[in-house]
Amino acid sequence: MIIKSIRLTNFGIYAGEHAFHPSTTKNGQGPITLIGGLNGRGKTSFLEAVLLCLYGNRSPFARQWEAGYTAYLESLINRRVDKSIGSAVELELALEHNSGFRESVLVRRSWRVVNKRASDKVVVYRNGAEDRVLSANWNTYVEELVPSGVSGLFFFDGEKIASIAEEEETSDSLRVAIRSLLGLDLVDKLIRDLDAIIRRNRSRKKEEANDQQVNAIESELTTLRQTEAALVQDIASLNNQVLRARARLAELEEHYYRSGGQLAASRSTWEQEQNRLLEELATIRGEMIQLSSEVLPLLLVEPLLKDIESEAQVAASVEQARAVLP
């Protein structure tokens with residue numbers, strides 16, 4: 001397997017799209033490609049991109065990410081790019097089979113954040129045409145090419161070589177490589193899986209102990225739901241009765257007002273007004289009686305009194321004249 005090209009899109013520190021062609025010179029002959037640079041400039045990103053594109057969540061870098069594969073994918077999106085746009089890694093491989101047949105395989109793994117969760121997608125092209133079967137079964141296919149368990153023996157950077165060369169770490173590195181080569185890491189994984197199954201079975205037993213209580217609660221819930229449905233029907237029936245009663249009330253009110261009911265409604269007001277007028281009449285009568293006991297009778301015969309006064313004056317004048325005459 002020869003890597004003909006690596007294309008990174010918004011991967012790590014590489015914003016935008018960047019294409020690299022290892023083992024390629026002007027004349028097409030270049031068995032070795034060296035990538036150098038200062039620390040933090042993206043050298044390890046090439047190796048990380050290759051492993052991620054090939055193995056996905058089985059990549060050694062992904063397995064070392066404690067927060068999980070989803071968080072690992074999100075961390076690889078360039079920080080200047082919208083998470084919903086995402087990143088992608090594309091590898092073009094030249095494969096030569098035992099029969100001498102050669103073919104070109106292009107693998108593209110892309111991912112982006114949707115609903116606060118990152119997910120990846122693999123599309124594989126064989127000899128320029130999309131191969132949906134190979135895309136769906138890429139994990140199985142790549143394990144036949146280079147098993148992920150021994151990928152550390154095929155893909156490593158200069159820093160890894162330096163650490164293997166150091167005496168203190170050589171034994172541990174070789175031990176890990178040999179265990180992966182012999183498939184012993186699968187035994188460790190099997191033990192972890194068995195532990196997980198045991199924990200699930202224990203949890204299942206606890207759940208079975210609560211099944212009877214759960215069934216009782218579900219039965220009670222069913223009864224309550226039936227009661228609720230009956231109450232909903234009763235409420236609907238009562239609402240219909242209320243509507244009919246309101247309509248009947250409107251008819252009776254209309255008939256009441258047409259029959260003079262508004263006059264009956266104001267009867268108390270008129271009765272209060274009548275009582276006020278009667279009290280006022282009684283007061284006037286009392287005042288008239290009081291006046292009658294004083295000067296009112298004389299006022300009734302005022303013309304007669306004036307006539308008597310005139311006649312008295314005339315009589316007085318006559319008496320004075322008689323007194324004067326001899």
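The values are calculated or read from the model by the stated rules, or taken from the named source; none is laboratory data. None of these values were measured; they are calculated from a predicted model. Here the Cβ positions follow ideal geometry from the backbone for every residue, glycine too, while neighbour counts run over all protein chains shown. With ligands, DNA and RNA removed, areas are computed over all heavy atoms of the protein, side chains included. Shrake-Rupley method; radii C 1.70, N 1.55, O 1.52, S 1.80 Å.
The trypsin sites (Lys or Arg not before Pro) of the range 42-141 that DSSP puts in a loop, and whose beta carbon has at most 13 other beta carbons within 10 Å, are 79, 80, 116.
Calculate, for residue 246 and residue 268, the FRET efficiency according to 1/(1 + (r/R0)^6) with r their C-beta to C-beta distance and R0 22 Å; round to the nearest 0.05.
Working: r = 27 Å, r/R0 = 1.25.
Efficiency at R0 = 22 Å is approximately 0.20.
Listed values for the range 100-115 are Karplus-derived 3J(HN,Hα) couplings in whole Hz (6.51 cos²θ - 1.76 cosθ + 1.60, θ = phi - 60°), namely x, 6, 10, 8, 10, 10, 10, 10, 10, 10, 10, 7, 7, 9, 10, 6, and x replaces Gly and Pro.
Coupling constants for the range 125-137 follow from the phi torsions by the Karplus curve (6.51 cos²θ - 1.76 cosθ + 1.60, θ = phi - 60°), and in residue order they are 10, 10, 6, x, 10, 5, 10, 5, 5, 5, 4, 5, 10 Hz; glycine and proline get x. With a Förster radius of 35 Å applied to the beta-carbon distance between residue 94 and residue 66, the computed FRET efficiency rounds to 0.45. Applying both filters, DSSP loop and at most 16 other Cβ atoms within 10 Å, to the GluC sites (Glu not before Pro) of the range 55-160 gives 66.
Less than 5 angstrom separates the built amide H of residue 42 from none of the residues sequence-distant by 5 or more or on a different chain. Hey, any idea what % of the range 51-97's accessible area is carbon plus sulfur with a 1.4 Å probe? Whole-percent figure for carbon plus sulfur exposure: 46.
For the range 51-152, the list of chymotrypsin sites (Phe, Trp or Tyr not before Pro) that fall in a loop by DSSP and count at most 11 other C-beta atoms within 10 angstrom reads 101. For residue 5, nonlocal amide neighbours, meaning residues 5 or more places apart or on other chains whose placed amide H falls under 5 Å from its own, are 92. With a cut-off of 13 Å between beta carbons, the residues surrounding residue 312 carry a summed charge of -3, where Lys and Arg count +1 and Asp and Glu -1.
Residues whose amide H comes within less than 5 Å of that of residue 12, counting only those at least five positions distant or on another chain, are 77, 78 (H built at 1.01 Å from N in the peptide plane).
Between residue 140 and residue 238, the simple label model (points 7 Å from Cα in the Cβ direction) yields a spacing of 6.4 nm.
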